[in-house]
Amino acid sequence: MTMIDTDARTTDPMVEPATAVETASAATDVEPVFHLRGVRYVYGRRQVALDGIDLDIRPGERVVLLGANGSGKSTLLKLLDGIVSPTSGTMTALGRDIAAVAGGLDAFAFHREVGLVFQDPDIQLFSATVFDDVAFGPLQLGLTQDEVKARVDEALAAMEIAHLADRAPFELSGGEKKRAAIASVLSLRPDVVLLDEPTASLDPRTKWVLVTLIRKLGDQGRTLVTATHELDIVPIIAERVVVIGEERRILADGTPESILADRDLLVRANLIHEHLHEQGRTIHVHPHEVDEHHPHDEATHRHPI
């Protein structure tokens, strides 16, 4: 269970719910890597995935998109990666109109600079060996054999999986697949890395190995944007947290410390919930992460939400 000070309250104005959030970096003069205003995305003209997103992300920032499942985090990453374009609103990425990138204009060059690691690594691992998967991107750049090998070796070393180079992806564990998928993106040497739920479904030891490696990527100066609902990894990998609510809007934007200290915000975003424990005549309230396994007897536990 994530340790959260449930009595803490923040006075940081950025943690107050709002329809348009002014980010901590907005005061700087650095051109943002991503600039979104009023961005809305609708699937099949019916299902609203994002509804009025205002967001700037600047070079070198380590940002976590924090939200419950179904809040639109993965859709936002697809927008940032130029896979799809907004249904409405304006958006630029690396100075490019993201609608043009999604339409194929200069998309190859764009994806050399921005890399997305999907939640399911099997989407990105399709070759006979891990080496071949990691080499795929550099080969598309027309590099020499020596240059491709250098990039593959560099990416495998960054994820500490050089010993897996000759293994078939289907032989790997879940954690090894995640690291191989990240390596396949790193071999292009992108300035921006987008990670979708990178620690999902991993055992605790594997999870924290991967979290440490992700932290190192951010420490190297890359712009790192990670979508997750796991509160315990946030202080390790983020310097800034953007909370996306189930209304598909940004609820808050602030430091990990201020966001994680605001219990009411986390409850509203469905990131934690409260169990009421009856002991005699006393009722004790304890916050838990939403996806935390918590055995209980329905006769002695009541759930307010």
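The numbers here are math on the coordinates, done by the rules we state, and not lab data. Treat the numbers as computed from the prediction; the structure is a model and nothing was measured. Using ideal geometry, Cβ is built from the backbone for each residue, glycine included, and neighbour counts are taken over all protein chains shown.
Distance check, please: which entries in 149/207; 73/178; 78/178 exceed 21 angstrom between their Cα atoms? From 149/207; 73/178; 78/178, over 21 Å: 149/207.
Sort the stretch 147-223 into rounded, prolate or oblate with this rule: let a ≥ b ≥ c be the square roots of the eigenvalues of the Cα gyration tensor; rounded if a/c is under 1.5, and if a/c is not under 1.5, prolate when a/b is larger than b/c, oblate otherwise.
Oblate shape, in that a/c is at least 1.5 and b/c is the bigger or equal ratio.
Residue exposure proxy: 187, 127, 85, ordered by other Cβ atoms within 10 angstrom of their Cβ from fewest to most, comes out as 127, 85, 187.
Any chance you could run the full-extension gain for residue 157 through residue 46? It's 0.36 nm times the residue separation minus the Cα-Cα distance, nm to one decimal.
Result: 35.5 nm gained on full extension.
This ranking places 171, 154, 197 by how few other beta-carbon atoms lie within 10 Å of each, fewest first, which gives 171, 154, 197. Computed from backbone phi, the HN-Hα couplings of the stretch 211-218 come to 4, 4, 5, 5, 4, 4, 4, x Hz, rounded to whole numbers (Karplus: 6.51 cos²θ - 1.76 cosθ + 1.60, θ = phi - 60°; Gly and Pro given as x). Residue order for 83, 53, fewest other beta carbons within 10 angstrom first, comes to 83, 53.
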